[in-house]
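Only one structure is covered here, and it is reproduced in the block below.
Bear in mind that the values in this text are calculations on the coordinates, not laboratory data. Everything numeric here is computed off the predicted structure, so don't read it as measured data. All Cβ positions, glycine included, derive from the backbone under ideal geometry; neighbour counts span all protein chains shown.
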Amino acid sequence: MTAKTTDRPDIYARITDQIITALEQGVKPWTQPWNAAHAAGPVCRPLRHNGQAYSGINVMTLWATAMEKAYAAPLWMTFRQARELGGHVRKGENGAPVVYADTLVKTEVDERTGDETEAVIPFLKAYTVFNVEQIESLPAHDYVLAEGARNPDERIAHAETFFAGIGARILTGGNAAYYRIATDTIRMPSFDCFFTAEAYYATLAHEAVHWTRHPSRLDRDFGRKAFGDAGYAREELVAELGAAFLCADLGLRLEDRTDHAAYIGHWLTVLREDKKAIFSAAAHAQRAADFMHARQSEKRAA
């Protein structure tokens, strides 16, 4: 007798793989240095369509999806729930898996005595939900971001002047910070989404150092081809050191980016294999900082 096969995906493996993928990309899907804010309330946990918070593994998988896709809204709902609220999921959107625990009662018969017993078998059942940013025509309040999320600080004037002076194109919005070389743009979550002003400027400094690697500026290329390779680790190390230099120059406390703890292993590998790597990274970081300082003088002279 052959074992019964099924095409049903293993929900345990699916969610575990999602978390592993996030960690492999240098992101801890349970923490980040900014906080998305929405009219539904402070975002501590993902929320169902009725405002009820998710729990357990569903918190992990929805956080991971929100970080991967840069969703700022905490609200999630099924295809049917969206339709009942007058909305519709945009064509081509992929949802995120969530699960709920259930039990199956199975009656078993003892072959020797004929007695019947009931066995309760726990299992997980999966279904798919969509973030409200994937859904159109919902009530307006589902899309409203909160005013002044968590950051109680005022903007720091001299830091604002400095980063405005480098001439980078900085886009605001979403739930992720990064530099994209293809469009030559820096993307930052809004200032209010960071826990402190210094966390915002430290993150911006990190991405601004990445910005200097563009061919039209310092043309820095370590031959990076994939996440985690030596070239990637070297560039991240330059950005870390450059941000530290800039924060020191601007009199700011360097706020550690929690997602970069995941890079430590990569950096150690590079440093162990090349005793000159830290010297090279520091030199590149200093050139990046010097380049941005020089832009201030150029702007004042213009």
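Quick notes
- For Lys91, the aspartates and glutamates whose Cα falls under 20 Å of its own Cα, not counting residues fewer than eight places away in the same chain, are Glu68, Glu133, Glu136, Asp142.
- Neighbour counts of C-beta atoms inside 10 Å place Met188, Met292 in the sequence Met188, Met292, starting with the fewest.
- In this Cβ point-charge picture (+1 for Lys and Arg, -1 for Asp and Glu), the stretch 157-301 has a dipole of about 380 debye about its Cα centre.
- For Ile11, Ile20, order by how many other beta-carbon atoms lie within 10 Å, fewest first: Ile20, Ile11
- For the stretch 157-301, the normalised intensity computed at q = 0.15, 0.18, 0.19 Å⁻¹ comes to -0.74, -1.09, -1.21 (log10 of I(q)/I(0), Debye sum over alpha carbons, equal scatterers, no solvent).
- Stretchable slack from Glu273 to Ala140, in nm (0.36 nm times residue separation minus alpha-carbon distance): 42.4 nm
- Candidates Phe194, Gly242, Pro215 compared by Cα position along the dipole of the stretch 157-301: farthest toward the positive end lies Pro215, with charges placed on Cβ.
- Fewest-first ordering of Glu160, Glu198 by other beta carbons within 10 Å of each residue's beta carbon gives Glu160, Glu198.
- Computed from label points 7 Å out along Cα-Cβ, the spacing between Lys125 and Ser297 is 7.0 nm.
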